[in-house]
1. Can you tell me which of (1) in a loop (DSSP other than H, G, I, E, B); (2) farther than 14 Å from N109 by Cα is the one H78 doesn't meet?
2. Scan segment 25-40 for residues that are touching a Lys or Arg at 6+ places or on another chain (Cβ under 6 Å) and over 18 Å from L80 (Cβ atoms) and jot them down.
3. Given the structure, is S88 open to solvent by less than 30 Å² (accessible area, probe 1.4 Å) and among the hydroxyl-bearing types (S, T, Y)?
4. Hey, L108 hits all of (1) outside any loop (DSSP other than H, G, I, E, B); (2) in contact with a helix residue (DSSP H, G or I) (Cβ under 8 Å, 6 or more places away or on another chain) but one; which does it fall short on?
5. Within segment 100-111, identify whether any single residue is of a type in the set (A, V, I, L, M, F, W, C), touching a strand residue (DSSP E or B) at 6+ places or on another chain (Cβ under 8 Å) and under 11 Å from L55 (Cα atoms), and answer yes or no.
6. Would you mind telling me which numbered condition in (1) over 21 Å from D36 (Cα atoms); (2) open to solvent by 90 Å² or more (accessible area, probe 1.4 Å); (3) part of a helix (DSSP H, G or I) L102 fails?
Amino acid sequence: VRLKELDSVQQTMRRAGKTVLINQMVTRLQVNGTRDTGTKALICALKGNRTLTQLHLEHVRLSNQGVEMLVEVLKVTHTLSQLNVLDSNIGDRVAKALADVLKINQSLNQVEIQGKP
């Protein structure tokens, strides 16, 4: 079975990460309500993915290390064109780090960042 979209609400993040690594046909990934450990596992899996074009992170918890990992992956992932980080625990520093990625990664043409109020 070849997946093109993956919604990880019903999967653990480790399984979702393995799926992304194994299945190089995933183009859209939506992650909802995960903790930092699971989010970091998924971010590690994204390093080897060459097909993902959309990444949606909603209600995720990211530590400083998790954000650093995401920024590093985004610097070298040139297939991703859409990034949404919504209702997550991000502050101004994180938003700036993600915005700085846009200077490096020119394939990202749609970015939406929204922290918790």
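1. (2)
2. R35, D36
3. Yes: the conditions hold for S88.
4. Answer for L108: the failing condition is (1).
5. Among the residues of segment 100-111, at least one is of a type in the set (A, V, I, L, M, F, W, C), touching a strand residue (DSSP E or B) at 6+ places or on another chain (Cβ under 8 Å) and under 11 Å from L55 (Cα atoms), which makes the answer yes.
6. Every listed condition holds for L102 apart from (2).
The values are calculated or read from the model by the stated rules, or taken from the named source; none is laboratory data. Keep in mind that this is a model prediction, so the values were computed, not measured. Please note: Cβ atoms are built from the backbone with ideal geometry, for glycine as well, and neighbour counts cover all protein chains shown. Only protein heavy atoms, including side chains, enter the accessible area calculation; ligands, DNA and RNA are left aside. Shrake-Rupley method; radii C 1.70, N 1.55, O 1.52, S 1.80 Å.
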